[in-house]
Every structure is written in C-alpha cells, then in structure tokens.
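Visitor: The structure's right below; bear with me while I get my questions together.
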Amino acid sequence: MGTRLGKQTIRLDSRPVIQAWAAIVGAKEGQGPLRRYFDEVVEDEYYGEKSFEKAESKFIRETISKILMKGNVSTGDIQYLFAGDLLNQCTATSFGVSASEIPYFGLYGACSTIAESISLGSMVVEGGMAERVICITSSHFCSAEKQFRYPLEFGNQRPPTSQWTVTGSGGVLIGSAGDGPRIVHITTGKIVDMGITDANDMGAAMAPAAVDTITAHFTETGLPDDYYDMVVTGDLGEHGKNLCIKLLEENGINIKHCYNDCGTMIYSPEQGTDCGGSGCACSATVFAGYLLEKLSRREINRLLLVATGALHSPTSIQQGESIPAIAHAVGVEMQQN
Amino acid sequence: MDKKMTRKEYMQWSQKEAPKTRKGKNMLMAFLIGGTICTIAQIINSFLLSAGMVQEDAGTVTTLIMIFLGAFLTGLNVYDDIGRIGGAGAAIPVTGFANSIVSPAMEYKKEGYVMGVGARMFLIAGPVLVYGIVASIICGILYYLFA
C-alpha cells in the first residue's frame, strides 16, 4: 500500500507498471537528435487545424490514441486521466480529451506536469482505486509564445538565457500489472522561489527547485547518489543545468556522471534554441519517447525523472513578482531478474 | 536547496553564471541591418526627389513606402527573422513599428476582427503611441510658452 519515507517521498510497494507510452512532436523537435525515438513527427504546425490551440489539443488526442493502441486497450479500460498543459485554464487538454470520455483530473504544474500526473496516477493505482490510468501533457511553441511572450511574427531578439517551448505531447499508461518499467519512488516538490523575476531566465528560476527535490529524494530514501543510471531534470536548459550541478555539489550530492536535462537533449545546439527546450512537452516527450525506450531495452535500469516547472503567469511577471518554481521526482526502475 | 545562499546572493551568482549577450556582434548587426533599412529609404527618397517631388512630400511618401514594406515583410514571415538578427537596428526604424502592429494583428485574427485584431493590434505599439503623444503635447506646451 505504499510507504511514507519522509516529508516529501513515498515508496510504492506494488510498483505500478508503465504499460505503454507514446510521444508525438512537431517539426523542429523532429529535426533534433532524438528524432527516431518519437512515435510521430508532425511537420505542419497547425496539424491540419484552424488554430495553434486546436493543434495542441490534437497532439493530446492523437497521443492518447497511440497510447491506447500500443497498450492494446480501449478508452473503457482506463479509469482516470491525469493531464494538463500550459494554456490558460488548461484548455488544450480539456478539448483534447473530451471525446475520450475518460474520468479526468486537470492538472497545472507548468512544465513539471508530466511528473505531477505520473505521481498522482501511480498513487491511485497503488491505492487500488484504478487498474489503469493515463498521464499525459502537451505544449505548443506557437500557443505558448502567444500566451507568455510576443506575437510570432514580431521581430524581437531572444536573450541568451531564453528557451524554446517544445511542440508535442507525451504520455504514459500506468497499470497495476504487466511487464515494463515500474514506478518505485515519488518525491513531491514544494515551491522554491529564489527571487528570479526574469521570465526569460527560467533555468535559473527552476534550478533551486530541482536541487531541493533531488536532495530530498536522496536524503529521504537513503539511496546512494550513484544508485541511478540516469538522473534527468525537465527543462532547466544549459544555464539551469550548470547551476543545478553546482548547487547539488554544494549539498554533497555528486550525480554529474549520470545527470542530464531534457531541455538540453531534445535540440541540437545549431537549432538556435539558445539554452534549449522547455514546456510541458519537453520532459514528457523525452521521457515517453527516449527515456522509457532506453529503460525497456535495459540500456539503463534505474531512472530518476525530475520534471521542473516555473509557476508564473504573464500577469504576475508584469506585476514584478518573482517566479515560484517546483520540481517533482519519479523514480522508475526495471525489474531486476 | 542550500539555505546558506540568500535570494540576493543567488540572483547575483546565477547572473554571473548565465550565458552572456554578445554585445559586439549584436551592435554590429544592428548597425548593418539598421543601416541597410535607412539606405533603402534614402534611395527611395532620392528617387522621388529626382522625379520632381518636393522635399516635404518625398519624405512623407518615403515613410509610407517603408511602413508598407515593414508590414508586407511581416506578412511574408520575413521581418521576425530580420528582427532576430538586427535587434534594435530592425526595431527602431518605422519598418519595425509597422511590424509591431501587424504581427499582433496577424496573431489575434483567430479571436475575431473586433476583440482580436481590433483590440490587440496595438498590444506592443500602444505604449509607444501613448507616450509619444504625451511627449509631443509637453513639447507643444513648452514651445507655446517659451518660443
């Protein structure tokens, strides 16, 4: 029934299984180094729809279909859907999931949503309240720019700390039984706000949250810092990744050898994204595309996913407020034979 | 998170670690792009003058043509690239002003012609207009009083 290990961490004793996963991305992500790990690359930024918002909903809808197909289940087999996105009131998800008629919890954790949804989904499975749940998130470069920054055709210059919102959707099917990567530990983040007010410097805003959660994870589980084959943060980007490594070292945690960040993995430097990728889909597609594939092929056996989120709004930024950040960690492991 | 570091210390440290703006390159590109835009305007102006237009009219027509070009290149999805490279060199000339009005108009077309295009068109240019007009009123009053 799960064991509480500390203030932020629990261990799931039934070890819920990630039975299926899927990731669909946009054209730019499809040109990146992880291209071959994604289920589909959509070249059209409108995805055949009339607006970017509708396109984002379609990303979710199609990813859910892919997950169901790969898991060989139908919508009737899914008891809950845990999902969210970046748009106001999470409308991309609400429109995207409406046709599926699966009972739905809408979540907002900004770019940390995939780990938040997996945390809650696997707790529900662990507690026996559901046999199968789907946890999914999305983001779209064009709809996010519109909401958080400037119109697409406005000729402004990007500061060097800025990041590029990933277009796409990634999600997983979590069930109580079966083969596949298993969710073993969950460390839920708390808000960490170090006073960064620049919305173009989200790496610096989120790095302390990632450090806080990773430190809590290792302290509360008592695991050695070489336990995981990979520790991957969500979307700190080059700048935030650098800060994160240095802050962790100050806390006495040395994971430099196995640490990476989804934001720095999804694009190659010559793609002109400055510090790298961001957005809900950044960690979601890298996790559901690349990382779970590596786990299932047993190229790695233990993974700690630490999805990071910057919980500001355009209004809070304009009013000069600092950026509240959060990071949720999920420990995923292959069954040892 | 290490509690030893205060917010202020963290902000200073993270800024020190941040990738730096390439000021030299940016200034050079702003000079080249801004200079090119102004040279094009000068060519148009000289042409209009040589065609027999008086100085004042030629200036107005040149500005109109440049506004058209800025708006046209925005519609062709080109001006954002010019702006990304040229920075202030592309933002300061009147072509940049046209870009700042046309780009939100394009973006918000989906929200309708009244609440979308109409209401959001001056999202970026609005403050420039407001304070430009306020400044000109103040100048006008000062001119009236002291000239």
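Visitor: For chains A and B, what's the summed buried accessible area, probe 1.4 Å, to the nearest 100 square angstrom?
Guide: Heavy-atom accessible area buried at this interface is about 3000 Å².
Visitor: Right, something else. Take every DSSP beta bridge with both residues inside the protein assembly as shown and express the antiparallel ones as a percent of the total, to the nearest 5.
Guide: The antiparallel proportion sits near 65 percent.
Visitor: Need the per-residue list for segment B:89-116: every residue with at least 50 Å² less accessible surface in the complex of protein chains than in the chain by itself, probe 1.4 Å, sorted by number.
Guide: With the partner chains in place, segment B:89-116 has these residues losing at least 50 Å²: B:Glu107, B:Lys110.
Visitor: Sticking with this structure for a sec: For segment B:1-81, which trypsin sites (Lys or Arg not before Pro) are in a loop by DSSP, counting at most 11 other Cβ atoms within 10 Å?
Guide: Sites meeting the loop and neighbour criteria: B:Lys3, B:Lys4, B:Lys20, B:Arg22.
Visitor: Please compute the length gained on full extension between B:Tyr113 and B:Tyr143, using 0.36 nm multiplied by the number of residues separating them and subtracting their Cα-Cα distance.
Guide: 6.8 nm
Visitor: Starting from one equal scatterer on each C-alpha and no solvent at all, send me the Debye-based log10 I(q)/I(0) for chain A at q = 0.07, 0.12 Å⁻¹, two decimals.
Guide: -0.24, -0.74
Visitor: Right, here's the next one. Count, for each residue of A:143-154, the Cβ atoms from other chains sitting within 10 Å of its Cβ, then give me the mean as a whole number.
Guide: 6
Visitor: So, one more: Carbon and sulfur: what percent of segment A:3-175's accessible surface (1.4 Å probe)?
Guide: Result for segment A:3-175: 50 percent of the exposed heavy-atom area is carbon or sulfur.
Visitor: Another question, then. Greater than 18 Å separation of Cα atoms is the criterion. Which listed pairs, A:Lys146/B:Lys23; A:Lys50/A:Lys146; A:Lys146/B:Lys110; A:Lys246/B:Lys23; A:Lys241/B:Lys20; A:Lys28/B:Lys23, meet it?
Guide: Violating the 18 Å Cα-Cα cut-off are A:Lys146/B:Lys23; A:Lys246/B:Lys23; A:Lys28/B:Lys23.
Visitor: Normalised by the residues of segment A:3-175, what does the relative contact order come to in percent, with Cα pairs under 8 Å and at least six apart?
Guide: The normalised contact order for segment A:3-175 reaches 30 percent.
Visitor: Can you check what the Kirkwood hydrodynamic radius comes to for segment A:3-175, Cα pairs only, in Å to one decimal?
Guide: Averaging 1/r across every pair of different Cα atoms and inverting gives 16.8 Å.
Visitor: Taking only protein heavy atoms and a 1.4 Å probe, what accessible area per residue, in Å², does segment B:58-147 have with all protein chains in place?
Guide: Averaged over the residues of segment B:58-147, the accessible area is 59 Å².
Visitor: Where does chain A land at 222 nm, in deg cm²/dmol rounded to the nearest 500, when only DSSP H runs of n ≥ 4 count, each adding -39500 (n - 2.57), divided by all residues?
Guide: After summing the helix terms and dividing by the residues of chain A, the value is -9000 deg cm²/dmol.
Visitor: Could you check how much of the accessible area of segment B:21-146 is carbon and sulfur, as a whole percent, using a 1.4 Å probe?
Guide: Carbon plus sulfur share of accessible area: 74 percent.
Visitor: Next up: So how long is each side of segment A:182-333 along the principal axes, counting just the alpha-carbon atoms, biggest first, in Å?
Guide: Principal-axis extents of the Cα atoms in segment A:182-333, largest first: 47, 35, 24 Å.
Visitor: Tell me, how many Å apart are the Cα centres for segment A:228-265 and for segment B:37-53?
Guide: About 56 Å separates the Cα centre of segment A:228-265 from the one of segment B:37-53.
Visitor: Go through A:236-246, B:37-47 and give me the packing order, highest mean Cβ count within 10 Å leading.
Guide: In descending order of packing, they fall as A:236-246, B:37-47.
Visitor: Let me know the charge dipole size of chain A about its Cα centre in debye, to the nearest 20, where only the beta-carbon of Lys, Arg (+1) and Asp, Glu (-1) is charged.
Guide: Here chain A has a charge dipole of around 520 debye.
Visitor: Ignore the peptide's own chain and count Cβ atoms of other chains within 10 Å of each Cβ in B:6-19; give me the average, rounded.
Guide: What the average comes to for B:6-19 is 6.
Visitor: Averaged over its residues, how many other protein chain Cβ atoms are within 10 Å of peptide A:58-71's Cβ atoms?
Guide: 0
The values are calculated or read from the model by the stated rules, or taken from the named source; none is laboratory data. Just so you know, these numbers come straight off a predicted model, no measurement behind them. A quick note on method: Cβ atoms are made from the backbone with ideal geometry, for glycine too, and the neighbour counts reach across all protein chains shown. To get the accessible areas, we keep the full protein, side chains included, count just its heavy atoms, and leave off ligands, DNA and RNA. Shrake-Rupley method; radii C 1.70, N 1.55, O 1.52, S 1.80 Å.
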